[in-house]
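The values are calculated or read from the model by the stated rules, or taken from the named source; none is laboratory data. Just so it is clear, the model here is predicted, and its values are computed rather than measured. We place every Cβ from the backbone using ideal geometry, glycine too, and count neighbours over all the protein chains shown. The accessibility values were calculated without ligands, DNA or RNA, using every heavy atom of the protein model including side chains. Shrake-Rupley method; radii C 1.70, N 1.55, O 1.52, S 1.80 Å.
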Amino acid sequence: MPTARRGGPPPPHENGVGGHRNGDDDPDEEEEEGGGEGEDEVEVEDEDEEEEPRLKYQRLGGSVPAIVSTDAAAAIAVADRMVALGTHNGTLHILDFQGNQVKEIAAHTATINDISFDAAGEYIGSCSDDGTVVISSLFTDEKLKFEYHRPMKAVALDPGYYQNYRRFATGGLAGQVLVLTKKSWGGGYHKKVLRDGEGPIHSMKWRTDLLAWANDAGVKVHDMKTDKGIAFIERPKGIPRPEFLLPQLVWQDDTVLVIGWGTSIKIAAIRTDSSQGLNGIQSITASYAKYVDIVGSFQTGYHISGIAPFGDLLVVLAYIPEEEDKENSISNSVPSRQGTAQRPEIHLLSWKNDEITTDALPIHGYEHYKAKDYSLAHAPFSGSSNAGGQWAAGDEPLYYIVSPKDIVVAKPRDTEDHISWLLQHGWHEKALAAVEAGQGRTELLDEVGSRYLDHLIIERKYSEAARLCPKLLRGSPSAWERWVFHFAHLRQLAVLVPYIPTENPQLSDTAYEVALVALTTNPSFHELLLTTVKQWPPTLYSVSPVISAIEPQLNSSSMTDSLKEALAELYVINSKYDKALTLYAELLKPEVFEFIEKYNLHDAIHDKVVNLMTLDSKRTVNLLIQHRDTIPPNEVVGQLLHTSKSCDKKHLLHSYLHALFETDMNAGKDFHDMQVELYAEYEPRMLIPFLRTSQHYRLDKAYEIFAQKELVREQVFVLGRMGNAKEALSTIINKLEDIQEAVEFVMEQHDDELWEELIRQCLQKPEMVGMLLEHTVGNLDPLYIVSLVPDGLEIPRLRDCLVKIVTDYRTETSLRHGCNDILKADCVNLLVKYYHEARRGVYMASMDEEVTGTRVDEGSSRANERSSLRALEIKSRTRCGARCCLCFDPLSIQDISVIVFYCCHAYHTSCLEGGLDLMRSNSTHDSDEGSGDDDGTPSGESPMRCVLCTTAAA
């Protein structure tokens, strides 16, 4: 794992605390480093990635500055809820975690050497050079003082002090480890000596039932529950005497003891096994189940002034000795204070001595302090490890670095510190990712975002900055507007426009207008301008400033199609549809036709015919034909004829005139001569229908065109229209050689002389005589044609033609006989059908049956009548129901006869006679003779006919 270099720049810390030991206070080393900069050194620095600090530092404030200004800190202890600070004048200050004094205990008259809390944090014990041990209640006035008349260096309260008969342990220069327990009766304390005669006691720590202390010989661990020693760990060799560098003991947890002494660190694990200890540890009692196993041991390059756990790591307060200190420590002589000491350092180590981080601490007055002047205490914390370098809320350990005139608090860096460190080192992306992952306050996103954007702008990474704006600026209109104007100032607004929000938040209209105007200045932005105008709601901005920025460019070289289309879109927003139509037509936009229909702009297309025809001739022609009253044909034809644009104007003219002719043949009659030429060039098959329908073209000009184009049938038609039928017939025979068409032409002319001319010309070509015989059947007598053939003239296939004529005649005769037979059979069948129809009766319904639609089927008398009627074949009901077809009165009127015809029409006799008289009076002028009627009725009789049917037949 990489370690932080001491010679590098110090990491930032709160309140100015922090930095590496080779800082501004050591100019010689700084100069040496600066002078030694070279290629090799740069490469090494590039390879070493700077490690992020794990801790952050802050001087303890509150009442501490006032305390150390008149006194000096000597010892410190930390409980769950408070901090106890002992001074050189023997006062015990109880502080909260902010350094504010909560309580002051005048415990001793000399320097306090050690302080200990019970596990509950209700009692505190302290020892002093004045030879006393004082145990005070933090929440009552209870206070116990024990006199030993020798300086006391260590004290440790039983974690269950109150429950375990107020038991505590202490030791000092007398070399005894004393355990005092309050007697259960009679008052006073029972004193027990655990060890004696091994030199002064320098340090002591109690955890659960285990008590560990250090003397001149080493470190011993004692089980207070069984009152048996567990192990003895020898003092490291070659380290300074305890008077100059105290041993440091700290319990990592209930079973792990960390020992820092001189330059040595050992980690002792309490095992429960019947076997003896390992790693050279002398077991005091081989039969006892508990023993100490050294699971970690290594040497450091500095003196250890304090040690504490940091999860599965160690925090070491390091004092960097100078050469003089090392020599003096070896000779055990008293060092001289020259005021040249280096800054103390905090090292974060693994159990294998892997350096994680190293931080130099600018302690006030550090130049004059030695290793023994510093101490390190930590607040209890939950658990023994941290997940991913992040502590749960409330579990963060606190570390108090104490010097005589200064106290610095170290604690793990939180997510906000992590983000701040990333920003300071230019790792903005990582900082942003940390914030987005939910690490730290939401408000950090604004700060991180702003700094990230500033960084990208400085690096001229405008596109990346614009891409991140939606994520970083979120819903803040003011922030968005600020960056819009900033990008505009940098002339980089084009990269930001695609990301500018139109809602949530909605910006001021000025911001949108500035963005759109900026896109008009460069042709490379015009496509984006068009897209933006189409996407942004028109209610966001005023179009007038944007239009004013574009219109001066209309006739300049900077005008592009995209800018034109954008201007057209703006015209639409501004309700200037005619101007928009002009631009759409110039751009040949397919949607221009829907635009015309949507806004009813038919009057505005007078001068845009050519552009529209070029875009889509079919749709344009339909549009022009539908609105020919608004846009007259002469205007359309004039624009197409005189256009300077490169297009097939003749074909466009043909398309328009052809559609116009099919819709209204007289609407374009002034251009029919032109249309003849256009048909001849583009659609000759339409010439004959056009020539037959139109009367507004010049025949001579048309004939000339057809002659040039070699359109023979069209020439024949024009010749026939001009009255030159013989020449037309000659053209058909000589050029087309189509006898059938020649015969059809002659038949259309209704001129007998043409038949003679046809025969005469065919006789000049013997091969056509046979064809003439085949196609004139029914029009000319074949014998007549044969009689005109000169003798000796060879006619190809004459025999076959004559056989075909005879065969066709026989076939025709046979067909006629067959048709006559069929006609006769049909007449007989129809007469038989008529006879049968005439025999059928007509049912006369009563009025009640007509109303109800059913016959009355009740009563026995009706039943007999129905049975008799069922035997008759009923033709149908009367067509007018039960009413007269002339007067519409019911037929069942008494004393009035009723006449019913086979057509099912029924009349009152009087009504029918009156109707027939009227018919005769109306038809007298149509006939001069009245001897009889068509049906053979004598003139003396009055024929009875159905009035309705007779009138319909007439």
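Of Trp213, Trp185, Trp427, the order by accessible heavy-atom surface (1.4 Å probe, DNA, RNA and ligands excluded), from most exposed downward, is Trp185, Trp427, Trp213.
As a calculated quantity, the FRET efficiency between Lys709 and Thr502 at R0 = 60 Å, using C-beta atoms, amounts to about 0.45.
Rounded to the nearest 10 square angstrom, Tyr682 shows an accessible area of 70 square angstrom against a 1.4 Å probe. The figure for Ser644 is an accessible area of roughly 120 square angstrom, using a 1.4 Å probe on the protein chains alone.
Here the label points at Ile458 and Asn922, each 7 Å from Cα along the C-beta direction, are separated by 11.1 nm in the simple model. Restricting the stretch 436-527 to GluC sites (Glu not before Pro) that sit in a DSSP loop and have at most 16 other Cβ atoms within 10 Å of their own Cβ leaves Glu443, Glu459, Glu503. You can think of it this way: the chain between Glu355 and Asp607 has 82.1 nm of extra reach, that is 0.36 nm per residue less the Cα-Cα gap. Taking all protein chains into account, the per residue accessible area for the stretch 420-513 stands at 51 Å² (1.4 Å probe).
How do the peptides 751-758, 165-172 rank, highest first, by the average count of neighbouring beta carbon atoms within 10 Å per residue?
Working: 751-758: 15.9, 165-172: 24.0.
Top of the packing list down: 165-172, 751-758.
Couplings for the stretch 249-259, taken from phi via the Karplus curve 6.51 cos²θ - 1.76 cosθ + 1.60 with θ = phi - 60°, read 10, 8, 8, 5, 8, 5, 10, 10, 10, 9, 10 Hz in order; Gly and Pro are left as x.
Give a quick list of trypsin sites (Lys or Arg not before Pro) in the stretch 591-643 that DSSP marks as loop, anything other than H, G, I, E or B, with at most 11 other Cβ atoms within 10 Å.
none
State the extension gain, in nm to one decimal, for the chain segment bounded by Phe97 and Lys598, taking 0.36 nm per residue of separation less the distance between their alpha-carbons.
Between Phe97 and Lys598, full extension yields 172.7 nm more.
Estimated at the nearest 10 Å², the accessible area of His364 is 100 Å² with a 1.4 Å probe. Placing R0 at 25 angstrom, the Cβ-Cβ distance between Thr109 and His368 gives a FRET efficiency of 0.50 after rounding to 0.05. For the stretch 622-711, GluC sites (Glu not before Pro) are listed when DSSP marks them as loop and at most 12 other Cβ atoms sit within 10 Å of their Cβ; the list is Glu710. In this label model, Asp751 and Thr255 are separated by 13.4 nm, measuring between points 7 Å along each Cα→Cβ vector. Ranked from largest to smallest solvent-accessible area, with a 1.4 Å probe on the protein heavy atoms, Asp648, Asp114 come out as Asp648, Asp114.
Which length gain, in nm to one decimal place, applies between Tyr835 and Ala952 when the Cα-Cα distance is subtracted from 0.36 nm times their residue separation? If you can, show how the numbers build up before the last one.
Details: separation 117, 0.36 × 117 = 42.12 nm, distance 2.27 nm.
Roughly 39.9 nm would be gained on extension.
For His425 and Lys182, FRET efficiency with R0 = 56 Å and r from the beta-carbon atoms, rounded to 0.05?
On the way: r = 58 Å, r/R0 = 1.03.
After rounding, the FRET efficiency stands at 0.45.
Sorting Phe146, Phe888 on solvent-accessible area from highest to lowest, probe radius 1.4 Å, gives Phe888, Phe146.
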